[in-house]
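The values are calculated or read from the model by the stated rules, or taken from the named source; none is laboratory data. Since the model is a prediction, treat every value here as computed from it, not as a measurement. Here the Cβ is made from the backbone with ideal geometry for all residues, glycine too, and neighbour counts use every protein chain on show.
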Amino acid sequence: MTPADFQRFYGFFAEAMLLATPEGRIVAANPAVSILIKHSASELIGAELRALAADSPEKVARLLALFSRSGQFMPGALAFKNGDAAGVRCRVEGCALRYPEGLRLLLRLQAKEDAMTRFRSLDERIALLNREILERKQAESALDAQREWLRTTLASIGDGVIATDSAGVISFMNLVAESLTGWSAADAVGQPIGRVFHMVNEYTREPLESPVAEVQRRGVTVGLANHTVLIARDGSERAIADSGAPIYDAGGRMLGVVMVFRDVTQHRRNEAVLRETNKSLQKSNENLRQFAYAVAHDLKEPMRMISLYSQLLAKAYEGRIGGGEEEMFLRQVIGGASRMDELLEGLLAFITAGDLIHEKLEMVDLNEVVAKAVLNLQSMARETAAEVTWDVLPRIRGHAGSLVNVFQNLVANGLKYRRENERPRVNIAASRREREWLVVVEDNGIGIEPEYFQRIFGVFKRLHPAKYPGTGIGLALCAQIVEGHGGTIWVESEPGRGSRFCLTIPD
Ligand code: ADP
């Protein structure tokens, strides 16, 4: 290698490199050498290492001999004179290279302090590496603990759990899954899911794909179709409900699928029994309704007779029976008959209320409904000097006639159950709630004790039968109509301070 070649190769190296003869005469040196040992290139070329070294010539000779024997870099140390007393202590590595012009030594020089800092940074890196290894170990043991916790949880869960790897091969199965499938975990683990988990449609008996395959395909949680039957290893069958969910690693790669399922045979049986019971309940309810209707309807005719003939009798004997007991008896008969007539009328209205609503639902303006109800009560309102007001009310979907009935009953009650020496006031307001209207009929009357909040909505349930006239059907009818509209009705009240009858009408 010529000095020019050397410069071409090593001229730009930050590391100090020089080429010497085996005897130690410098043939070429890159600029980094000049910087390191503070000799110009011209001082270096042709100079003897022996002459430049601060160490003894023997030490230099020993190093040269060492390097001459090795084709690979061998480590050593050498101090160079550079004018100042201490010189530059260097790590020197050298090796022998054979060129056409003969054996040459390639030397790499590095100031000792430099080497120290490099070694120190190496130490730091090793410490860092150790720390990383420790942290990784700690993370691994935390992961192991987490895995164990998960395994125990899945094992003790009340549902059957089967986990598979990404290829659908079973990797875990809990006790419940063992008992539902009839497979032991020892037999099932390592098997493809299709061998262990057989499902068919309850009615068609068509085999169904396990949720694992679907999760693999779609990469999302899936639920089972309805009417799924699991066929256990021994051929026994159970209705099941289940779902499958993908397991992803932090990098978003699907590691497998976990399937959770349970036996719903009993649940299905209960559902079927409930359906049947409901059906027969509906039927007997309808029978009862028809019976009540027939009784009320058929009783009306004889009642009208009693009422009519007792009135005729009263007329016929007018002035003849005087004001004695007989007249009182007759008055009782007439009064009882007309009260019975009212009751039957109310009962018939109550029984038929439900049918009416389903007949015709339309958009109804509640302002008109309330105005009509109040108009029907005008003589009562006048007699009691009542103040009935209402805010702007919405349009709702309902049955106008039935709704007039509701507000007429509620407003009439507000006037009827008024406080003594207090002008009765009733206000009707509406507010919007999620997907429904809340309508409130508020009065300043006698109020209701909380223990009766529910009871007053029952048929014939009255709290003050002697003091106030009535049939006890009004609120039952209101409840029937509101519920027929899909809403609810309830009362809020503080005795002595008035009542708020609240009803909701869904959109
Ligand atoms: P009626 O008014 O014919 O007795 P309802 O079914 O309308 O029948 O009411 C049932 C009972 O609820 C009433 O007898 C009364 O005791 C109580 N009630 C109803 N509305 C009010 C009201 N606004 N204030 C106080 N009590 C009421």
Could you grab me the full set of residues in the range 415-431 that are outside any helix (DSSP H, G or I) and either free of Cβ contacts under 8 Å to residues at least 40 places away in the same chain or of a type in the set (D, E) (or both)?
R418, E420, N421, E422, R423, R425, N427, A429, S431
If we keep just the residues of the range 211-236 that are without any contact (Cβ under 8 Å) to a residue 12 or more places away in the chain and over 23 Å from the mean Cα position of the chain (by Cα), which is farthest from T181 (Cα to Cα)?
R217
Options T164, T228: the member that is β-branched (V, I, T) and touching a helix residue (DSSP H, G or I) at 6+ places or on another chain (Cβ under 8 Å)
T164
Members of the range 1-16 that are surrounded by 12 or more Cβ atoms within 10 Å (Cβ to Cβ) and not hydroxyl-bearing (S, T, Y):
M1, P3, D5, F6, Q7, F9, G11, F13, E15, A16
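Let's see how each residue does on (1) touching an Asp or Glu at 6+ places or on another chain (Cβ under 8 Å); (2) within 19 Å of N367 (Cβ to Cβ); (3) of a type in the set (F, W, Y):
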{"site": "V440", "(1), (2), (3)": "no, yes, no"}
{"site": "D443", "(1), (2), (3)": "no, no, no"}
{"site": "I448", "(1), (2), (3)": "no, no, no"}
{"site": "F460", "(1), (2), (3)": "no, no, yes"}
{"site": "P469", "(1), (2), (3)": "no, no, no"}
{"site": "E483", "(1), (2), (3)": "no, no, no"}
{"site": "S499", "(1), (2), (3)": "yes, no, no"}
{"site": "I505", "(1), (2), (3)": "yes, yes, no"}
Looking at the range 432-447, which of the residues that are free of Cβ contacts under 8 Å to residues at least 60 places away in the same chain and under 20 Å from I481 (Cβ atoms) is nearest to the ligand (Cβ to nearest atom)?
D443
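Here's a check for you: in the range 461-471, which residue that is without any contact (Cβ under 8 Å) to a residue 60 or more places away in the chain and near the ligand (Cβ under 8 Å from one of its atoms) is nearest to the chain's Cα centre (by Cα)? Step through it out loud before you land on a result.
Restricting attention to the range 461-471, the residues satisfying the condition of being without any contact (Cβ under 8 Å) to a residue 60 or more places away in the chain are 461-470.
From the residues that got through so far, the ones that are near the ligand (Cβ under 8 Å from one of its atoms) too are 461-465, 468-470.
Working: K461: 44, R462: 46, L463: 47, H464: 50, P465: 52, Y468: 53, P469: 54, G470: 51 Å.
Of everything passing the filter in the range 461-471, K461 is nearest to the chain's Cα centre (by Cα).
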Any residue at all in the range 378-397 that's outside any helix (DSSP H, G or I) and in contact (Cβ under 8 Å) with a residue 60 or more places away in the chain?
yes
Looking at Y452 and the list (1) more than 8 Å from the ligand (Cβ to nearest atom); (2) under 40 Å from the mean Cα position of the chain (by Cα); (3) without any contact (Cβ under 8 Å) to a residue 24 or more places away in the chain, which single condition is not satisfied?
(1)
One residue from L143, L109 being modelled with pLDDT of 80 or more and under 21 Å from V33 (Cβ atoms):
L109
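Looking at the structure I just gave you, is E422 under 19 Å from P506 (Cβ atoms) and of a type in the set (D, E)? Outline the logic, then answer.
Values: under 19 Å from P506 (Cβ atoms): no; of a type in the set (D, E): yes.
It is false that E422 is under 19 Å from P506 (Cβ atoms) and of a type in the set (D, E).
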Condition met for I351 (within 12 Å of the ligand (Cβ to nearest atom), closer than 30 Å to N287 by Cβ and part of a helix (DSSP H, G or I)):
no
If I ask for residues that are assigned to a helix (DSSP H, G or I), surrounded by fewer than 15 Cβ atoms within 10 Å (Cβ to Cβ) and aliphatic (A, V, I, L, M), which ones from the range 132-174 would you list?
I133, L134, A139, A142, L143, A145, L150
Could you please find all residues in the range 454-490 being surrounded by fewer than 16 Cβ atoms within 10 Å (Cβ to Cβ), modelled with pLDDT of 95 or more and hydrophobic (A, V, I, L, M, F, W, C)?
W490
Please find, among K315, K283, the residue that is surrounded by fewer than 10 Cβ atoms within 10 Å (Cβ to Cβ) and assigned to a helix (DSSP H, G or I).
K315
Can you say whether G401 is more than 12 Å from the ligand (Cβ to nearest atom), surrounded by 14 or more Cβ atoms within 10 Å (Cβ to Cβ) and part of a helix (DSSP H, G or I), as far as the supplied structure shows?
yes
